[in-house]
Amino acid sequence: MSPETNHSHDEHDQGGVPFLPDHFVKEVAVIALVMGILIFLATLMPSPMGLPADPLKTPLGIKPEWYFLSVYQILKYVPKTIGIAWSFLIFPPILIIFPFFYRFYARFKYGRLILHTLVAIGVFLAVFLAALAYLGFE
Amino acid sequence: MSLGVVDFLDERLDVRRISREFAEHKVPDHVNWLYCFGGITFLCFLIQAATGVLLAFYYRPGTDTAYTSVLHIMDDMPYGVVIRSLHAWTANIMIIMVIVHMLRVFFHGAYRPPRELNWVTGVLLFFMTVTFGFSGYLLPMNQLSYWATKVGTEIAGAMPFVGGYLQDFLLAGSKIGDATLTRFYTIHVIILPIVLSMFLAAHFYMIRKQGIADPL
């Protein structure tokens, strides 16, 4: 198989296991496991309510939700406009359109390897920055 | 008798062919446990829909009513604490699952042609999921949600060119108030569920149409 092509549905019908019952049993097992974990978390670690919102009392160490923490931390190191432009105006469009350039970068011997390495580093950096923000580093 | 019902439906809706296709379609041999994160995300979405509807029965948006209505759900409603906590935990787990699913798809190269458009719908679904989380976080109107939203909308307001408009749109005024709560609530329970469901349908349709990608 050439790496340029990615076979579509019809060619798969010869191989593989039938959805029912083989695969379906596994899906039910995963659903049961996830439901179990969620109910475990919700009952043993219920969400706290805390105090009602008070615009006049700023609590100590306010942070955005965890999935914004890496962006929040970047803004401490780079000028705000650049950090925000990168996070919300430049990065999202790149994330959306990069598959359309696959045939271009796949022509290079290490094109995909380089891309995957860069993204792996990016993911590591994002997790690292979020951890710094969570721990309250300036 | 029961066969009569099946025959009735089969003549009109072709249910036998549809259920046979559902039951017998082949799952490729290379599919392993790494492929379950997209499905778990969908499971989370269904849990969010169910618990969200229950919360919406008693939640009242508004600076005077939001906090007390959530307390009412937690203190007086049967299993109120569990339902609210399930909604909050599942929200976080759902975002983690979306990210892990995206990374799996990326490192397996499953975005390659002809599946670019499914990657596009997937990224948009990711942004919608995060917006779901952001809009839902304000609703209990406690200290945590108020100040996290303040930080969040200030970051949005600092965006070049569109920041000012975006912040005005989100806050529906100059600061977080009644209008902000109704706006976030509308986004959270009307706009996002509809738009996300439509993209989800497209996402699933493309998986069935294009099949599961071959490994690299």
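The values are calculated or read from the model by the stated rules, or taken from the named source; none is laboratory data. From a predicted model like this one, the values you see are computed outputs, not experimental measurements. So basically every Cβ, Gly included, is an ideal-geometry build from the backbone, and we count neighbours across all protein chains shown.
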Please determine whether any residue of segment A:50-57 is among the hydrophobic types (A, V, I, L, M, F, W, C), surrounded by fewer than 18 Cβ atoms within 10 Å (Cβ to Cβ) and under 29 Å from B:Thr41 (Cα atoms).
no
What are the residues in segment B:76-114 that are crowded, with 17+ Cβ neighbours inside 10 Å, closer than 20 Å to B:Leu196 by Cβ and among the β-branched types (Val, Ile, Thr), if any?
B:Thr90, B:Ile93, B:Ile95, B:Val98, B:Ile99, B:Val105
Could you check segment A:82-138 for helices (runs of 4 or more DSSP H) lying wholly inside it with 2 or more residues that are farther than 24 Å from B:Gly157 by Cβ and small (Gly, Ala, Ser)?
A:111-135
Test B:Tyr58 against the criterion of being modelled with pLDDT of 95 or more, touching a helix residue (DSSP H, G or I) at 6+ places or on another chain (Cβ under 6 Å) and under 22 Å from B:Leu144 (Cβ atoms), and give yes or no.
yes
The listed residue being under 16 Å from the mean Cα position of the chain (by Cα) and at pLDDT 95 or above, out of B:Thr65, B:Thr129:
B:Thr129
Given the conditions (1) surrounded by 13 or more Cβ atoms within 10 Å (Cβ to Cβ); (2) β-branched (Val, Ile, Thr); (3) facing chain B (nearest Cβ under 8 Å), which single one is not true for A:Ile82?
(3)
Enumerate the helices (runs of 4 or more DSSP H) found wholly within segment B:33-110, keeping only those where 3 or more residues are in contact with a Leu (Cβ under 8 Å, 6 or more places away or on another chain), closer than 30 Å to A:Ala120 by Cα and at the interface with another protein chain (Cβ under 9 Å from one of its Cβ atoms).
B:80-107
Give segment B:124-139 a look and list any residue that's in contact with a Pro (Cβ under 8 Å, 6 or more places away or on another chain) and surrounded by 21 or more Cβ atoms within 10 Å (Cβ to Cβ), or say none.
B:Leu139
Residues of segment B:173-183 being in a helix (DSSP H, G or I) and closer than 12 Å to B:Thr63 by Cβ, which ones?
B:Asp178, B:Ala179, B:Thr180, B:Leu181, B:Thr182
From the list B:Ala201, B:Ala213, exactly one residue is among the small types (Gly, Ala, Ser) and facing chain A (nearest Cβ under 7 Å). Which is it?
B:Ala213
Take the conditions closer than 30 Å to B:Trp33 by Cβ and surrounded by fewer than 21 Cβ atoms within 10 Å (Cβ to Cβ) and apply them to B:Leu117. Does it pass?
yes
Residue check for B:Val5: more than 10 Å from chain A (Cβ to nearest Cβ), under 28 Å from A:Phe24 (Cβ atoms) and more than 25 Å from the chain's Cα centre (by Cα)
yes
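Yes or no, residue by residue, for (1) over 30 Å from A:Gly15 (Cβ atoms); (2) not hydroxyl-bearing (Ser, Thr, Tyr):
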position	(1), (2)
B:Glu21	no, yes
B:His25	no, yes
B:His30	no, yes
B:Phe45	yes, yes
B:Gln48	yes, yes
B:Thr63	yes, no
B:Asp75	yes, yes
B:Ala88	yes, yes
B:Ile95	yes, yes
Restricting to segment B:11-32, and then to whatever is over 27 Å from B:Gly122 (Cβ atoms) and away from chain A (no Cβ under 12 Å), can you tell me which residue is surrounded by the most Cβ atoms within 10 Å (Cβ to Cβ)?
B:Val15
Hey, among the residues in segment A:87-138 that are surrounded by 11 or more Cβ atoms within 10 Å (Cβ to Cβ) and of a type in the set (Lys, Arg), which one's farthest from B:Arg104 (Cα to Cα)?
A:Arg103
Return the residue satisfying two criteria in turn: it lies in segment A:44-81 and is outside any helix (DSSP H, G or I) and touching a residue at least 40 places away in the same chain (Cβ under 8 Å), and of such residues it is farthest from B:Ser135 (Cα to Cα).
A:Gly61
What are the residues in segment B:11-32 that are of a type in the set (D, E, K, R) and either touching a Phe, Trp or Tyr at 6+ places or on another chain (Cβ under 7 Å) or assigned to a helix (DSSP H, G or I) (or both), if any?
B:Glu11, B:Arg12, B:Arg16, B:Arg17, B:Arg20, B:Glu21, B:Glu24
I'd like the full set of residues that are away from chain A (no Cβ under 13 Å) and touching a residue at least 40 places away in the same chain (Cβ under 8 Å), limited to segment B:162-183.
B:Thr182
Name the residues in segment B:130-155 that are of a type in the set (A, V, I, L, M, F, W, C) and at the interface with chain A (Cβ under 8 Å from one of its Cβ atoms), would you?
B:Val130, B:Phe134, B:Met141, B:Leu144, B:Trp147, B:Ala148, B:Val151, B:Ile155
